[in-house]
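Let me begin by presenting the structure, written as structure tokens, before commenting on it.
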Amino acid sequence: MANHWMKDRLKTVPLFRELSDYELESLVAISHVRVYKPRTFVFMQGDPLERVYFIHSGTVKIYKTDVSGKEQIVSILQTGEMFPHAGFFLKGTYPAHAEVVEEATLIAIPIHDFEQVLMASPELCMKLFRVMGEKIVDLQNRLEAQVLHNTYEQIVLLLLRLTRTNAVKQGKWHRLTAHVTNRELANMIGTARETVSRTLSQLKRKGLIDVDEHGFYLIDQEGLEKEIFF
């Protein structure tokens with residue numbers, strides 16, 4: 001029964017979705033399920049790099065801190081995503097903090113054991129490389145945004161990125177599936193919370209964003225694209 005339960009949850013992870021039951025068996029044998037309450041840490045920056053995690057449900061915030069304690073949010077991850085990505089095949093320490101935002105059920109797999117499975121499954125290995133490639137492209141786009149765009153444009157680009165990674169279509173809007181504060185938005189691009197607040201107010205007046213009754217942002221993706229690309 002436990003094996004079936006774990007196999008069903010592994011099948012919800014996009015990386016494993018196309019694997020056969022036989023291929024999943026090797027993952028079931030090394031996987032563990034852990035439940036984390038909000039505001040708890042899965043791991044902290046500098047902890048020994050020991051496991052890779054897959055999100056069955058919930059929301060996890062990945063962020064770095066500098067020597068002064070300033071926070072730089074790397075990403076907000078939800079159902080189906082894995083972490084960490086950076087330094088996955090290297091020995092050492094976790095490169096960032098992983099903090100649970102909404103109660104999360106995670107599948108944890110020891111990295112050494114996962115590497116053994118990857119070596120025995122070229123198809124899974126190729127799928128993982130594609131995921132890594134997508135993350136590299138995303139990081140390149142973020143760097144380009146910081147170099148080539150002013151702060152207003154960076155905030156618009158951030159909202160557009162969130163519509164691709166953390167939103168569902170709802171009529172003309174894209175509704176974010178994670179609660180994000182103005183401070184968290186600011187920490188994603190390294191600007192001040194007040195700057196984000198002013199920009200969001202401008203975008204609301206233009207009818208390009210809104211907030212629903214539950215506090216989730218509603219984003220007019222097409223409108224924002226015209227705001228910055230035309």
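The values are calculated or read from the model by the stated rules, or taken from the named source; none is laboratory data. Since the structure is predicted, the reported quantities are computational estimates derived from the model, not experimental observations. All Cβ positions, even for glycine, are placed from backbone atoms using ideal geometry, and neighbour counts span all protein chains on display. Just the protein is used for accessible areas: all its heavy atoms, side chains included, with ligands, DNA and RNA removed. Shrake-Rupley method; radii C 1.70, N 1.55, O 1.52, S 1.80 Å.
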### Under Karplus coefficients 6.51, -1.76 and 1.60, residue-wise ³J(HN,Hα) of region 27-39 in Hz, glycine/proline x
7, 4, 5, 10, 9, 9, 9, 9, 10, 10, 7, x, 6
### Query
Summing +1 for each Lys or Arg and -1 for each Asp or Glu, what net charge is found among the other residues whose Cβ lies under 10 Å from the Cβ of Glu184?
+2
### Message
What number comes out for accessible area per residue over region 3-144 if the probe is 1.4 Å? Units Å², please.
### Response
52
### Query
Hey, any idea what % of region 150-227's accessible area is carbon plus sulfur with a 1.4 Å probe?
45
### Message
Given a 1.4 angstrom probe, what's the average accessible area per residue across region 150-227, in square angstrom?
### Response
49
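What is the ratio of the Cα radius of gyration of the chain to 2.2 N^0.38 Å, where N is its residue count, to two decimals?
1.08
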### Query
Loop-only check: which GluC sites (Glu not before Pro) in region 180-230 are DSSP coil with at most 15 other Cβ within 10 angstrom?
Glu213
### Task
Measure off, as a whole percent, the carbon and sulfur share of the 1.4 Å-probe accessible area of region 1-76, all protein chains present.
54
### Query
Is there a pair in Lys70/Lys169; Lys37/Lys91; Lys61/Lys91; Lys7/Lys37; Lys70/Lys206; Lys135/Lys206 whose C-alpha atoms are over 26 Å apart, and which pairs would that be?
Lys70/Lys169; Lys37/Lys91; Lys70/Lys206; Lys135/Lys206
